[in-house]
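The values are calculated or read from the model by the stated rules, or taken from the named source; none is laboratory data. From a predicted model like this one, the values you see are computed outputs, not experimental measurements. All Cβ positions, even for glycine, are placed from backbone atoms using ideal geometry, and neighbour counts span all protein chains on display. For the accessible areas, the whole protein counts, side chains as well, though only heavy atoms, and no ligand, DNA or RNA atoms are used. Shrake-Rupley method; radii C 1.70, N 1.55, O 1.52, S 1.80 Å.
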Amino acid sequence: MTATSHPARRTRTPMPRGIARSGPAILSYGFRPFFLLAPTFAILDMILWIGALSGQWTVGGTAGPIAWHAHEMLFGYGAAALCGFLLTAVPNWTGRLPVSGRPLLALVLVWLAGRAAMLFASSISDPLAAAVDALFPVALAAIVAREVIVGRNTQNLRVVGVVVLLAAANLTFHLSTLRGWDYSVVLRATVGVFALLMSLIGGRIIPSFTRNYLTRIGETRMPHPIDLFDRLSLAVVLLAAAAWAIAPSTAWTAGLAALAALSQAVRLARWRSLAALAEPLLAMLHIAFAFIPLGWLAVSATALGLLPEASAIHLLTVGGIGGMTMAVMARATRGHTGRPLDASPLTIAAFACLLLAALLRPAADLAPQGYHAILTMSAISWTAAFALFLAEHAPMLLGPSLGPKARTQR
C-alpha cells in the first residue's frame, strides 16, 4: 500500500518508482529528502529553541524567539513533512511522473534557504528573510495545483485549496510580524488549517489502510466509507478554525470547537480503531488522529477560560500534526523503499516518545510550579522521538530501494 489512497478514477499504468535513476537515491522521489529533512529540523529547532529560552543565544530577528519557534515548527517541520507526503501522493492520484532529480533538488534548496533566512533574520534583515521564506509554500502550492489540474484529478482540488491556505497564512504571518501586529491570530489560523489538513488526509488514508489490514486477517466488518457525514465534519472543522482564529474567547468558538471534536471522534470510531490497535504501524495513525478531537476539545475549554491556549495549540501540533506526520513518514518510507510494513521496536519507541512529549507539554501549563522541569522533559522526549526515527529511517531514505519483492503489501 502506498502513502495514500483513492487514486484518480481513470485507467492508467502503475506509477514507476525512482524516476531519476542516474543521480543519488535521495533525489529519486520527493519523500526521501523531505522525510529526512523534517525530523532533522525538528531536532535542530528544539535545540535552538531551548537554547534561546535559556539565554544561550538569540533567534528569530525582531519578532523574537517565540514567533520564530512557532513559525518554524509549522512552516519548517510541518511544511517539509507535508511536502514529502504530497510529492509522493500526487503522482498516485494523477498518474503523472513525480518530481525528482534537479527539480526536486531545487525545491529542497528553496526550503533550506527559508530555514537559513529565518534563523539569521537579524543579520540579513527581516523583510529579506520573510521574502526568502515565503517562496517554499508558494512553490509547493503551485506544484500541487499544476499536477492536480493537468492530471484532471478534480477530487483533490480540496487538498490544493488547503495548501494554498497554508501559503497565504505564511505570508500573513510575515506581514503581521513586520508590521508589529498580533501574530497570534495567524498562528491559531495556521494550526487550524493544519488540523483541517490532517482531518482531510487522515480521513482518506486511515480507513483505507485499516480496510486492507482487516481484509488480510479475515475480518468482515470494515471501516465506514466516506460519506456526507465526513464532508460535513470537515466543514465544521473549517468553521471552528476560523472562529478560533478570529474570536478565540467566545461561546460560539467553544461550541464550534466542541462540535469539531465530536465529529472527528465519531469519524475515528467509525474506522474500527480498536481492531487496528493490534497492528502497531496502523495503530500509530489511529492514535495520532485521536489528538485531533482531543485538541479541539481543548480549544473549546480554552474559549471558556478553563485551559491555557498553549495547551490546546500543543495538543493539536505536537500530538496531532507531529504524530500524524511521524506515522505517515514511517509507513511511506518503509513501503516506498521496499521494506515490510511493520513497526520495529525502534519505531514504536520513537512514537511513544512523541506521545509523551505531546502529553507533557500541556501538562507544563497546568502545573506552574514544575513548568520548567516538565517543559524540559517534553523537549527531551520530542528530540528523542525524532532521533530514534532518524536512526532507523535515515539509512532507508539515503539508500536504494530493496525492490517490490521485498515489500509486504498491507
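Give just the number: which of (1) hydrophobic (A, V, I, L, M, F, W, C); (2) over 19 Å from the mean Cα position of the chain (by Cα); (3) part of a helix (DSSP H, G or I); (4) closer than 28 Å to Ala25 by Cβ does Leu97 not satisfy?
It fails just one condition, (3).
Any idea which of (1) part of a helix (DSSP H, G or I); (2) farther than 17 Å from Gly161 by Cβ; (3) not charged (D, E, K, R) is the one Ser249 doesn't satisfy?
Going through the list (1) part of a helix (DSSP H, G or I); (2) farther than 17 Å from Gly161 by Cβ; (3) not charged (D, E, K, R), Ser249 breaks only (1).
Taking Ile66 and the conditions (1) without any contact (Cβ under 8 Å) to a residue 60 or more places away in the chain; (2) outside any helix (DSSP H, G or I), which numbered condition does it fall short on, given that it satisfies the others?
With (1) without any contact (Cβ under 8 Å) to a residue 60 or more places away in the chain; (2) outside any helix (DSSP H, G or I) applied to Ile66, the lone miss is (2).
Just to be sure, is Trp111 aromatic (Phe, Trp, Tyr), open to solvent by less than 40 Å² (accessible area, probe 1.4 Å) and touching an Asp or Glu at 6+ places or on another chain (Cβ under 9 Å)?
Taking the combined requirement at face value, the residue does not satisfy it.
Could you say which residue among Leu256, Leu316 is open to solvent by 30 Å² or more (accessible area, probe 1.4 Å) and either closer than 22 Å to Leu359 by Cβ or among the hydrophobic types (A, V, I, L, M, F, W, C) (or both)?
Of the residues listed, the single one that is open to solvent by 30 Å² or more (accessible area, probe 1.4 Å) and either closer than 22 Å to Leu359 by Cβ or among the hydrophobic types (A, V, I, L, M, F, W, C) (or both) is Leu256.
Considering only segment 115-214, give the helices (runs of 4 or more DSSP H) lying wholly within it that have at least 3 residues that are open to solvent by less than 50 Å² (accessible area, probe 1.4 Å) and modelled with pLDDT of 90 or more. Walk me through it before giving the result.
Working: elements: 121-124, 126-150, 157-179.
Hits in segment 115-214: 126-150, 157-179.
Using the structure shown, decide if Ala343 is buried (at least 17 other Cβ atoms within 10 Å of the Cβ) and either out of contact with any Leu (no Cβ under 6 Å at 6 or more places or on another chain) or closer than 27 Å to Phe75 by Cβ (or both).
Here the answer is no, as Ala343 does not meet what is asked.
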